[in-house]
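J.: After the structure tokens below, expect a handful of questions from me.
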Amino acid sequence: MPVPRELSPTTTRSGVDVYRIPIQPADIALLAGHPTRVRTYAGQFVGPTIRARTGRPVRITFTNQLDVPSNVHLHGGHVPQRSDGHPMETIAPGQSRSYDYPNNQQGATLWYHDHAHHLEAENVYFGLHGFYLIEDDAERGLGLPSGRYDVPIMLRDAQFDTNGELIYTEHPPDRTTILANGEVTPHFPVAARKYRFRLLNSANERIFRLTLGGADLTHIASDGGLLPAPVRRSEIVLGSAERADVVIDFSEHPVGSQLVLYDVSGPVLRFDVTREASDTSQVPDTLRPLPALPPATVERDISMKFDLSGANPVGLVNGQPYDPNRVDFRVKRGTTEIWRVKNDDVEFGIPHTFHMHLEQFRVLDRDGAPPTPDDAGRKDTIFVAPGETVRVQVTFTEYLGTYVYHCHYLEHSAKGMMAQMKIVE
Ligand SMILES: [Cu+2]
């Protein structure tokens, strides 16, 4: 299994790490023997990994060398509006745009991906996705597996034709090939010690239900960073755009063992325990407490549903398709709100996910029942089953301006299942 290359800053100016990333077409052999035409960050199907540190800003200048508009959203990032990759603020072919990421948030597994309105589904499908990892000093002090033992794994699906080219259709169930870091059921040689894996579901429309052939995974972090304490899990469920950091201790398995990570659809990748290794890393019993939730002063209802009455499906939030000229919610900075997020696509049983830009939220309950283990911690994306209502609580801090929230099934957001809030003083 390839591990995406980590990018080094081109320069560091006044304490800001500066990167340059071209958005460019490339031919990459995703299937053996067949080059596949893809859209990439810097020529890599899983874009180069940015490793950032809390409190140390990053500036990335992206140059669009594609023949379609693009833009870049830092998913899970707490960033000023002009760097959020608003769907209407695109980078035209041949143009560049710089994004400033202050990294004034705790360590977390984020990712960057395309968000150009109506094009995001296609652009991400063809390869515009990469990891952006933030580390902070307190997390580093915990002694979790780090360095080469801290490995991001991007899981997604794809549909290929007989020439190895990617097929993009409006029918996601045909995407039956699973890629782990851009490779089909790869093998990953590991030492008999602990590893941290940062799992990301970057598929446009899919749920991964991941198991390790009967062995446990130790869940340590979700979208927005560390959980209060590690949780032994037999299964991790990731909706589109969700992340989970897990620790696997291969010292519990003799050299020569093979462990397969399975999805319900079949094997995803195989870990081969190939050698002994020393291990000074640890998974402490407590990781990072979650902050107390300030009392909410505003409650809102969010309904996600398709209008299937016309020739083409139209995605709706609260009965309306996305309109960049309409502000759906005005939110007062500094307030805490509860959002009741409902999937109203009961008749056809269409699942959705919900993603809010700018802030991490916390799941309060699902249909009145306690959150699932996959809802734990700080979240920016959640799965919402047909008919289900999930209540989340969020505090709006610091930044003003217009940010979107939307279904993260990208074919759904591209068809209008998106809305926007304006944070005001
Ligand atoms: Cu949806």
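J.: Can you tell me which residue within segment 378-397, out of those that are in contact (Cβ under 8 Å) with a residue 60 or more places away in the chain and β-branched (Val, Ile, Thr), is farthest from the ligand (Cβ to nearest atom)?
T.: Quick first cut of segment 378-397, residues in contact (Cβ under 8 Å) with a residue 60 or more places away in the chain only: 378-384, 393, 395-397.
Now restrict to residues that are β-branched (Val, Ile, Thr): 381-382, 384, 395, 397.
Details: Thr381: 12, Ile382: 12, Val384: 8, Thr395: 25, Thr397: 27 Å.
Filtering segment 378-397 for residues that are in contact (Cβ under 8 Å) with a residue 60 or more places away in the chain and β-branched (Val, Ile, Thr), the one farthest from the ligand (Cβ to nearest atom) comes out as Thr397.
J.: Restricting attention to segment 99-116, report how many residues are touching a helix residue (DSSP H, G or I) at 6+ places or on another chain (Cβ under 8 Å) and open to solvent by 10 Å² or more (accessible area, probe 1.4 Å). It would help to see each step written out before you state the result.
T.: Start the filter on segment 99-116 by keeping residues that are touching a helix residue (DSSP H, G or I) at 6+ places or on another chain (Cβ under 8 Å), which leaves 99-101, 106-107, 113-114, 116.
Retained after the next criterion (residues that are open to solvent by 10 Å² or more (accessible area, probe 1.4 Å)): 100, 106.
Count: 2.
J.: May I pose another question? Can you say whether Ala191 is open to solvent by less than 10 Å² (accessible area, probe 1.4 Å), touching a residue at least 40 places away in the same chain (Cβ under 8 Å) and outside any strand (DSSP E or B), as far as the supplied structure shows? Give the derivation first.
T.: On the way: open to solvent by less than 10 Å² (accessible area, probe 1.4 Å): yes; touching a residue at least 40 places away in the same chain (Cβ under 8 Å): yes; outside any strand (DSSP E or B): no.
It is false that Ala191 is open to solvent by less than 10 Å² (accessible area, probe 1.4 Å), touching a residue at least 40 places away in the same chain (Cβ under 8 Å) and outside any strand (DSSP E or B).
J.: Just the residues that are within 16 Å of the ligand (Cβ to nearest atom) and buried (at least 20 other Cβ atoms within 10 Å of the Cβ), please, taken from segment 316-338.
T.: Across segment 316-338, the qualifying residues are Leu316, Val317, Tyr322.
J.: A further question on this structure: Residues in segment 35-45: is at least one touching a residue at least 40 places away in the same chain (Cβ under 8 Å), farther than 24 Å from Leu199 by Cβ and among the charged types (D, E, K, R)?
T.: For segment 35-45, residues touching a residue at least 40 places away in the same chain (Cβ under 8 Å), farther than 24 Å from Leu199 by Cβ and among the charged types (D, E, K, R): present.
J.: Being of a type in the set (D, E, K, R) and surrounded by 14 or more Cβ atoms within 10 Å (Cβ to Cβ) is the filter; apply it to segment 339-355 and report the residue that is nearest to the ligand (Cβ to nearest atom).
T.: The residue in question is Asp345.
J.: Every residue in segment 243-289 that is open to solvent by 70 Å² or more (accessible area, probe 1.4 Å) and within 22 Å of the chain's Cα centre (by Cα), please.
T.: Within segment 243-289, Tyr262, Val264, Ser265, Pro267 qualify.
J.: Sort out for me the strands (runs of 3 or more DSSP E) sitting completely within segment 343-391 that have 2 or more residues that are touching a strand residue (DSSP E or B) at 6+ places or on another chain (Cβ under 7 Å) and within 19 Å of Val231 (Cβ to Cβ).
T.: Output list reads 362-366, 381-384.
J.: From the list Thr54, Thr40, which one is open to solvent by 40 Å² or more (accessible area, probe 1.4 Å) and not assigned by TED's automatic domain parsing to the domain that holds Asn325?
T.: None of the other options fit; the residue is Thr54.
J.: Residue check: is Val424 buried (at least 20 other Cβ atoms within 10 Å of the Cβ) and within 26 Å of Met88 (Cα to Cα)?
T.: Against the criterion (buried (at least 20 other Cβ atoms within 10 Å of the Cβ) and within 26 Å of Met88 (Cα to Cα)), Val424 does not qualify.
J.: Does segment 175-188 hold any residues that are over 26 Å from Arg140 (Cβ atoms) and either outside the structural domain of Ile220 (by TED's automatic domain parsing) or in a strand (DSSP E or B) (or both), and which are they?
T.: Thr177, Ile178, Leu179, Ala180, Glu183, Val184, His187
J.: Taking the criterion of being within 13 Å of the ligand (Cβ to nearest atom) and either open to solvent by 30 Å² or more (accessible area, probe 1.4 Å) or under 23 Å from Ala203 (Cα atoms) (or both), would at least one residue in segment 356-366 satisfy it? If you could, list the steps in order and put the result at the bottom.
T.: At the first step, the residues of segment 356-366 found to be within 13 Å of the ligand (Cβ to nearest atom) are none.
Within segment 356-366, none of the residues are within 13 Å of the ligand (Cβ to nearest atom) and either open to solvent by 30 Å² or more (accessible area, probe 1.4 Å) or under 23 Å from Ala203 (Cα atoms) (or both).
J.: Is it the case that segment 398-415 has a residue that's among the β-branched types (Val, Ile, Thr) and within 16 Å of the ligand (Cβ to nearest atom)?
T.: Yes, segment 398-415 has at least one match.
The values are calculated or read from the model by the stated rules, or taken from the named source; none is laboratory data. Please read these numbers as outputs of a predicted model, since none were measured by experiment. Note that each Cβ is placed from the backbone with ideal geometry, even for glycine, and that neighbours are counted across all protein chains shown. We work out accessible area using only protein heavy atoms, side chains counted, and drop any ligands, DNA or RNA first. Shrake-Rupley method; radii C 1.70, N 1.55, O 1.52, S 1.80 Å.
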